[in-house]
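In what follows, a structure is listed as structure tokens, so that the remarks can point back to it.
The values are calculated or read from the model by the stated rules, or taken from the named source; none is laboratory data. Since this is a predicted model, take the numbers as computed values, not measurements. Quick reminder, even Gly has a Cβ in these numbers, built from the backbone with ideal geometry, and neighbours come from all protein chains shown.
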Amino acid sequence: MREGWAYVLGALVLAGWMAPVLAEFDTAHCGPILDVQLDAYGQCLATASADGHIRLWDVQAPEVPAFLSDLGAHSGAVRQVAWAPPEAGASALLASAGADGHVIIWGPCLAQGTWRVVHDENLSSHGAVQAISWASSEVGTVLACASADGTLSTVMHQGTVRSGDSSIDHRWQCQSFAAHKGQATAVSWASTSMPSSAGSLVGTSLASAGDDGVHVWRIDMQGPWHEERIEGLPAQGMARDVAWKPWDGSCEMLACAKGRQVEFLRRDPSQSGTWRVAHHVDFDEEVWKLQWMDIESQLLVTCGEKEQRSVLLKQRLSGDWDVVELDEKKQ
């Protein structure tokens, strides 16, 4: 990808296994683009750059993206951006993770095209924020953050209070715990997380990746997060990414990116809180990012070294996985 350029891809045409490029455009970023995220409605695209800026684009007509706003509160590279799930009542909230150690939550103003900082969580004592992930709407407006010193943090919206005659202040609560020896690189919420009460994380689960591999965390009672057991796992090496599969009514599953391999872990139904390695898929190139598709048992994998590309993993009824190349041309 050319520096500062973004590409708008069409939805995957699963019958033909192709993702057509609908547009490519210069974002005017002064550094490489590190992350690109589309909102839940497919209307607004956020581009995050090493230049410390986030730029928003109206892509309702994807062939001609229209610039909306430039968000520049970070003092370092923006590693990742994430849109809050609209079902949580968070409307159009956008979170950004910065190399400056700050997590900033943005919201639109009444004036069209303008955005403001709703909340700025300073996690700089833990180093750069490497990754962020919003919890499902059942949990509430809650963000998990992975930091360079191996710390995981949760930032939860606690409500609003009126300040003065007209302004409203948002209250947020941050909790942190040591999760990895070395840096934490990714974090993902369980789609089945069901808090015991409003404003509580009791009953929720997280998975995280880092220099010492993948870990799974849960809160069963009021108190600290505790780690669940993973059995049959080879010696843990660095894990770049982890993605919790959306609940399909069958089993809990995690996908992990480790070197040139995607590893699948399943929760053992006979032993609560125990995970086992179910499958792994080997690649000829380094694996970087993972994203579960809305269609069941399909995982989008970003891999490559000199030039990154995307492939699709599709699970058979037997449990094995097929690797499907995605190209602009029909395979």
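Checking each residue in the stretch 138-159 for being modelled with pLDDT under 95 and part of a loop (DSSP other than H, G, I, E, B) picks out E138, V139, G140, T141. The set of residues in the stretch 219-248 being of a type in the set (D, E, K, R), within 20 Å of S272 (Cα to Cα) and buried (at least 19 other Cβ atoms within 10 Å of the Cβ) consists of K245 alone. Per the listing D39, D35, D26, the residue uniquely at pLDDT 85 or above, farther than 12 Å from V59 by Cα and outside the structural domain of G304 (by TED's automatic domain parsing) is D35. Return yes or no: is W247 outside the structural domain of M293 (by TED's automatic domain parsing), assigned to a loop (DSSP other than H, G, I, E, B) and touching a residue at least 40 places away in the same chain (Cβ under 8 Å)? So W247 fits the description; yes. If you go through the stretch 164-207 and keep only what is modelled with pLDDT under 80, in a strand (DSSP E or B) and either touching a helix residue (DSSP H, G or I) at 6+ places or on another chain (Cβ under 9 Å) or within 19 Å of T274 (Cα to Cα) (or both), you end up with nothing.
Taking the conditions (1) at pLDDT 90 or above; (2) touching a Phe, Trp or Tyr at 6+ places or on another chain (Cβ under 8 Å); (3) not small (G, A, S) in turn, K258 satisfies each one other than (2).
Here's the yes/no breakdown for (1) assigned by TED's automatic domain parsing to the domain that holds P246; (2) closer than 21 Å to S176 by Cβ; (3) touching a His at 6+ places or on another chain (Cβ under 8 Å):
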{"site": "S49", "(1), (2), (3)": "yes, no, yes"}
{"site": "W57", "(1), (2), (3)": "yes, no, no"}
{"site": "Q60", "(1), (2), (3)": "yes, no, no"}
{"site": "T151", "(1), (2), (3)": "yes, yes, yes"}
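Residues that are part of a loop (DSSP other than H, G, I, E, B) and surrounded by fewer than 15 Cβ atoms within 10 Å (Cβ to Cβ): does the stretch 260-267 have at least one? Yes, some residue in the stretch 260-267 is part of a loop (DSSP other than H, G, I, E, B) and surrounded by fewer than 15 Cβ atoms within 10 Å (Cβ to Cβ).
Do you know which of the residues in the stretch 53-81 that are closer than 12 Å to I104 by Cα and small (G, A, S) is surrounded by the most Cβ atoms within 10 Å (Cβ to Cβ)? Only one residue tops the list, namely A73.
How many of the residues making up the stretch 69-85 are in a strand (DSSP E or B), under 14 Å from R116 (Cβ atoms) and in contact (Cβ under 8 Å) with a residue 40 or more places away in the chain?
So the answer is 2.
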